[in-house]
Amino acid sequence: MIEDELRAAFARIEESTPPVGPVRAAVDRAVIICRRRRRRVRLAGTALAVAAVALVGFTAMAPRPPVPTAAPALPTPVSEPTGALNLLLLGVDQSAGSRRADSILLVHLPADRSRLYLVSLPRDLLVPSQGGTEKLNATFSRAAGSGTDLAAGYRTTREAVARLTGVRVDAGAVLTYPGARELTDAVGGVPVCLPEPVRSVHTERRFPAGCQRLDGAAAVDLLRQRYGLRDGGLDRDRNAARYAAGLLHQLREKGTLTDPAQLGRLLVRIGPAVTTDTGDMSLPALMAADGRAAAAEPVTVAFPVLAERTGHGAYEPDPALSPGFLDALRADRLAQWAAAHPEQVTALR
């Protein structure tokens, strides 16, 4: 009798219980959506890192946070930052146990996101310091020293650039030469157009005038050259800008910045060297802003300096041109300034 009553009670409960099939399907859909959202965030971060590398071939400086042990919270929607943005990108050489920022670019994204402006800052440019002035690349080596604290070197250089220009540096990136070599090979080489032939003082390699595709070893060789060039380090800065534009063009032509599969493969190859410093903004927000500006060919502009070096082998800002340039940078009018001063624009073809 008791058994019959229990069976009847369980039967009534089963009738009132909803089918498990739809519930299980809903749970599965939620898991898939969650995974897709997390993947989009990871890919956006990768894209920004690769895009930052593409701008000047430099890996971002700030260390990555440790991998969380708990499941991450679902991302909240982010809006694209408005107004002009400035990214500081550094190329770092290593020799004799020291680290020097040989290539320094300030990448300006105008508020209209029409294109990128690559501003070459000479490594030997005199900038304000606590004791007076010092070379711009000295700010990096002074902080980084002979150790591996690239983040400290980046921070001091970022502060120096902010004092010099009067603009906020919103994010930044750094790449050592081994990283540049690996990245160049990973994208299948980088097209670079040189106005004059270049002979390497390190390897005797000869780069003819005209357009050519460089593999990783050749790209690093070119980026290191300043001896024998007509304007020395200034010509090296121009070649670094040409390399940056070529790398960005290569990634854009291959669709790497918008193809998750390509981005994933590239990350696997260079991922250990890629980290990002995004400042106060999220990776997806920065990537959205950068992606729109990168659709057009960048404009490369040289910071105006006096042609003659000082007695310390340094460059001083051109008193006639640099005030107007800095005003244009702060007011987000680099397009007009570049059009009015074509001699300060580096030809990419």
Quick one: which of 172-178, 342-348, 160-166 comes out on top by average Cβ neighbours within 10 Å, and what's the full order, highest first?
172-178, 160-166, 342-348
Give or take rounding to whole Å, what are the principal axis extents of the alpha carbon atoms in region 287-349, in descending order?
45, 26, 23
Under 19 Å from the 7 Å Cα→Cβ point of A307, by amide nitrogen: which residues of region 326-347?
341-347
Does region 136-186 come out rounded, prolate or oblate by the C-alpha gyration tensor, with a ≥ b ≥ c the root eigenvalues, rounded set by a/c under 1.5 and, if not, prolate when a/b is larger than b/c and oblate if not?
oblate
Per the Kirkwood treatment, what hydrodynamic radius in Å, one decimal, follows for region 143-263 from the mean inverse distance over all distinct Cα pairs?
16.1 Å
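Laboratory data are not the source of any read-out in this text; all were calculated from the coordinates shown. Note that this is a predicted model, so its numbers are computed, not measured. Cβ sites come from the backbone with ideal geometry, for glycine too, and all protein chains shown count toward neighbours.
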